[in-house]
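Everything on this sheet refers to the single structure shown next.
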Amino acid sequence: MTGTEAAPRLVTTDLTVDGMTCAACVRRVERRLARLDGVTATVNLATGRARVHHPAHITPAELAETVTRAGYPAALPAPRSRQDREPAGEESADARRERHRLLVTALLALPVLALSMAPAWQFRNWQWLCFVLAAPVAVWGALPFHTRAVRGLRHASATMDTLVSLGVAASFSWSAYALFLGGAGTPGTRMPFSLLPAATEGAAHLYLEAAVAVPLFVLAGRFLEARARQGTGAALRSLVQLAAKDVTVRQDGVERRLPVEELTVGQLFVVRPGERVATDGQVTEGASAVDLSLVTGESGPVEAGPGASVTGGALNHGGMLLVRATAVGADTRLARITRLVTEAQAGKARAQRLADAVAGVFVPVILALAVTTLGFWLGAGADPQAAVTACVAVLVVACPCALGLATPTALLAATGRGARLGVLVTGPRALEGLRHLDAVVLDKTGTLTEGRMTVSRMTTVPGGLGEETVLRLATAVERGSEHPLGRAVVAYAHTRAVGTEAALADFHAVVGHGVRGRVDDLLVEVGAPDGELPGALAEASRAAEAAGHTPVLVRVDGVPEALLAVGDVVRPGSYRAVHRLRRLGVRPVLATGDREGPAHAVASALGIEEVHARRTPEEKVELVRSLQRRGRRVAVVGDGVNDAAALAGADLGIALGGGTDAAIGAADVTLVRGDIDTLPDAVRLARHTLATIRANLVWAFGYNAVTVPLAMTGLLTPMLAAAAMSASSLLVVGNSLRLRTWQPSPRAAHGTGRAAL
């Protein structure tokens with residue numbers, strides 16, 4: 001490529017891949033796709049999905065064909081609308097077939113195991129009954145393993161199925177030899193059972209119990225794995241199922257029901273009590289309480305009235321709402337959340353990428369060790385049946401399944417749990433970034449504070465008209481003002497349930513000074529203080545200015561009656577969040593474009609020591625770089641376009657869910673609720689998740705490091721090896737499932753009040 005040629009545009013395609021059973025399968029699919037020019041892929045064993053980044057000229061059909069030629073049938077996922085309409089929890093045809101195979105295998109295998117393990121139950125010709133029962137298990141019960149092993153052989157690859165197939169075939173073939181040619185078929189023959197392999201005197205030993213136990217345990221293990229993995233993805237499925245299927249549209253006073261896919265931006269739709277909001281929109285009529293708990297993690301219903309924004313998927317608890325659609329389809333908040341969770345689950349942690357690389361050579365190494373074991377035992381003069389037993393045990397005990405499941409099952413559980421708590425991560429790298437975080441740069445306006453003008457304190461003159469009367473008069477005048485200060489006063493009166501019906505006359509607005517008018521024949525003036533103020537009001541004015549707030553004086557008939565401090569107030573959750581971050585060893589840093597006064601006031605209230613005020617977006621980026629040069633792992637939390645550059649330049653970008661699309665697009669983590677109270681929970685969840693992944697991988701590697709040598713030295717029978725192999729995978733999945741029940745710390749009490757700045 002010349003210096004003037006642009007790099008090819010990459011697109012992303014998801015494929016469903018069938019037939020993968022272990023980390024070696026994952027590695028093979030990834031390597032086969034990587035042979036295509038410009039293609040990279042990440043394959044997830046737990047979800048059976050491949051996320052492929054490829055040049056636009058390579059079609060999804062070509063990608064699916066490439067994977068299929070590698071021995072793993074692949075296809076594009078079903079359309080989302082079709083998935084949405086599938087009944088929750090419905091068992092697929094493949095699942096029903098595998099459950100049927102497991103049940104039949106168990107019915108045939110259990111008598112063989114009982115007779116083989118209990119010599120007292122061995123009647124005349126018992127071995128022939130066991131042979132008749134074991135034959136369909138070794139052939140039909142183990143057919144999936146044989147089929148995939150042969151398919152891998154055609155493509156010159158070996159996987160976990162190769163090991164299982166060889167183990168079953170060797171055990172059954174040796175038993176058939178023993179019955180027909182080795183003297184074990186003689187009527188009245190009895191076979192002792194031992195947990196350790198041992199040669200017997202006279203007739204060759206039967207290993208029919210191994211021939212049936214291996215497919216039985218592996219089928220049972222994989223069935224339980226599939227059920228457990230289905231549980232790890234429950235959160236994502238619940239997000240998908242939040243989407244409404246149909247919607248009632250109102251046009252020209254007429255209502256009609258239509259599929260939600262046909263809804264367009266700007267249309268009015270009805271949400272009745274008990275229904276879910278069909279898509280993101282703005283309420284035009286009605287009032288109700290909507291439950292956003294499954295979308296944003298909010299603990300309780302939120303009041304929604306005319307002008308309020310509502311999110312698709314929210315449940316309407318109260319009255320009927322008429323909503324105007326503002327976003328549809330893939331542009332809705334719920335769709336973005338679902339997309340982020342799906343993308344996160346497709347990734348791999350650094351440790352898992354190492355495990356996958358090991359798995360790529362694992363099965364060939366195990367095959368070589370099995371052949372070496374057989375040759376060594378025979379060369380050392382051991383009985384052939386003991387040599388075969390040790391060889392089969394090596395084949396069966398090796399378990400790359402656990403290696404392949406270590407990360408994806410933990411990610412499925414953790415990202416699903418995080419989504420329910422209102423924390424969305426883009427993938428394992430974001431989790432790793434949260435795990436090692438030691439400094440966080442916090443924006444002020446809209447992040448630590450409410451981001452809107454609010455009355456934080458009202459001070460009245462002792463012996464005057466009283467707070468309620470003065471507020472009623474001031475609100476009656478400010479109703480005619482469009483200034484943010486005026487709107488803040490009116491909103492404050494509403495929160496205090498103060499009536500505003502008083503008649504207003506002679507209203508005047510003076511730019512830079514305030515407003516005035518007559519209410520109840522009283523001249524009411526609301527504006528900036530001037531001249532001498534009574535002691536209490538003078539002190540309140542100085543405190544407001546020191547906090548960076550605007551003092552607003554209320555005069556009635558020329559007499560100062562009250563002073564309101566108006567400004568941006570600290571979010572209640574910011575106190576607790578900053579406190580908990582410090583306890584987690586994360587240093588908070590405040591960086592804002594606002595003035596020194598408000599910045600230091602907020603920092604002082606929250607206990608933040610390092611403050612950077614009047615910072616431009618470029619200066620915020622430089623601040624991040626300076627912290628990184630000091631060896632800090634830096635996260636940036638913001639919600640606006642001005643934060644996007646710093647979010648992208650940090651080790652970890654964290655956006656608030658209520659922020660701009662530019663901020664969310666540049667971030668690695670999104671806090672859906674729109675406040676930083678969930679950030680400490682995100683850090684703790686990340687640390688817990690990565691600890692779980694490390695424990696899974698330690699077990700997966702440690703299990704093989706211990707059991708393979710035991711099998712080589714003849715200290716494991718094939719039956720015990722099969723049970724141990726299945727237990728290994730189940731332990732990894734079970735350990736990951738604990739993340740589904742992870743709980744954040746209680747929302748109690750450290751500094752939950754508002755700052756009166």
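The values are calculated or read from the model by the stated rules, or taken from the named source; none is laboratory data. Source: prediction; values computed, not measured. Virtual Cβ from ideal backbone geometry, glycine too; neighbours counted across all protein chains shown.
Among the residues of segment 677-699, not a single one is outside any helix (DSSP H, G or I), of a type in the set (A, V, I, L, M, F, W, C), crowded, with 21+ Cβ neighbours inside 10 Å and in contact (Cβ under 8 Å) with a residue 60 or more places away in the chain.
Would you mind finding the one in 21, 47, 59, 42 that is among the β-branched types (Val, Ile, Thr), over 21 Å from the mean Cα position of the chain (by Cα) and modelled with pLDDT under 85? Even if it seems obvious, please write down each step before you answer.
Details: 47 fails: over 21 Å from the mean Cα position of the chain (by Cα); 59 fails: modelled with pLDDT under 85; 42 fails: over 21 Å from the mean Cα position of the chain (by Cα).
When all the criteria are applied, what remains is 21.
Taken across segment 133-142, residues that are over 41 Å from the mean Cα position of the chain (by Cα) and in contact (Cβ under 8 Å) with a residue 60 or more places away in the chain do occur, with at least one present.
Return yes or no: is residue 496 closer than 22 Å to residue 558 by Cα and either surrounded by fewer than 20 Cβ atoms within 10 Å (Cβ to Cβ) or out of contact with any Cys (no Cβ under 9 Å at 6 or more places or on another chain) (or both)? Full working, then the answer.
On the way: closer than 22 Å to residue 558 by Cα: no; either surrounded by fewer than 20 Cβ atoms within 10 Å (Cβ to Cβ) or out of contact with any Cys (no Cβ under 9 Å at 6 or more places or on another chain) (or both): yes.
Criteria not met by residue 496.
Does segment 416-425 contain at least one residue that is in contact with a helix residue (DSSP H, G or I) (Cβ under 6 Å, 6 or more places away or on another chain), in contact (Cβ under 8 Å) with a residue 40 or more places away in the chain, assigned to a loop (DSSP other than H, G, I, E, B) and surrounded by fewer than 24 Cβ atoms within 10 Å (Cβ to Cβ)? So far as segment 416-425 goes, no, none of its residues is in contact with a helix residue (DSSP H, G or I) (Cβ under 6 Å, 6 or more places away or on another chain), in contact (Cβ under 8 Å) with a residue 40 or more places away in the chain, assigned to a loop (DSSP other than H, G, I, E, B) and surrounded by fewer than 24 Cβ atoms within 10 Å (Cβ to Cβ). Scanning segment 370-385 for residues that are part of a helix (DSSP H, G or I) and out of contact with any helix residue (DSSP H, G or I) (no Cβ under 6 Å at 6 or more places or on another chain) yields 371, 372, 375, 376, 379, 384, 385.
When the residues of segment 364-389 are filtered to those that are under 43 Å from the mean Cα position of the chain (by Cα) and of a type in the set (Gly, Ala, Ser), the one that is surrounded by the most Cβ atoms within 10 Å (Cβ to Cβ) is 370. For segment 707-755, a residue qualifies if it is modelled with pLDDT under 80, in the same structural domain as residue 385 (by TED's automatic domain parsing) and of a type in the set (Gly, Ala, Ser), and the qualifying residues are 721, 722, 723, 724, 726, 727, 728, 729.
Of the conditions (1) more than 12 Å from residue 212 (Cα to Cα); (2) in a helix (DSSP H, G or I); (3) within 39 Å of the chain's Cα centre (by Cα), residue 157 satisfies every one except a single condition; which number is it? All conditions are met except number (2).
Looking at this structure, is residue 554 crowded, with 23+ Cβ neighbours inside 10 Å and assigned to a strand (DSSP E or B)? Answer is yes for this residue.
Got a sec? Which of 531, 631 is over 50 Å from the mean Cα position of the chain (by Cα) and of a type in the set (Gly, Ala, Ser)? Step by step, each of 531, 631 is checked, and only 531 is over 50 Å from the mean Cα position of the chain (by Cα) and of a type in the set (Gly, Ala, Ser).
Here the helices (runs of 4 or more DSSP H) wholly within segment 569-645 that include at least 3 residues being touching a residue at least 60 places away in the same chain (Cβ under 8 Å) and under 16 Å from residue 446 (Cβ atoms) are 572-583, 596-606. Mind checking which pairs have a first residue in segment 249-274 that is in contact (Cβ under 8 Å) with a residue 40 or more places away in the chain and a second that is exposed (fewer than 11 other Cβ atoms within 10 Å of the Cβ), Cβ under 8 Å, 6 or more apart or different chains? Pairs that qualify, where the first residue is in contact (Cβ under 8 Å) with a residue 40 or more places away in the chain and the partner is exposed (fewer than 11 other Cβ atoms within 10 Å of the Cβ), are 267/251; 268/251.
Quick check on this structure: which one of 88, 114 is at pLDDT below 75 and either in contact with a helix residue (DSSP H, G or I) (Cβ under 7 Å, 6 or more places away or on another chain) or of a type in the set (Ser, Thr, Tyr) (or both)? Lay out the reasoning, then the answer.
Values: 114 fails: at pLDDT below 75.
88 is the lone residue from the list that is at pLDDT below 75 and either in contact with a helix residue (DSSP H, G or I) (Cβ under 7 Å, 6 or more places away or on another chain) or of a type in the set (Ser, Thr, Tyr) (or both).
Inside segment 564-598, residues that are of a type in the set (Asp, Glu) and under 25 Å from residue 459 (Cα atoms) make up a count of 2.
Just give me the residues in segment 290-326 being loosely packed, with under 15 Cβ neighbours inside 10 Å, part of a strand (DSSP E or B) and at pLDDT below 85, in sequence order. Across segment 290-326, the qualifying residues are 303, 309.
Restricting segment 462-509 to residues that are at pLDDT 85 or above and part of a loop (DSSP other than H, G, I, E, B), the residue that is nearest to the chain's Cα centre (by Cα) is 466.
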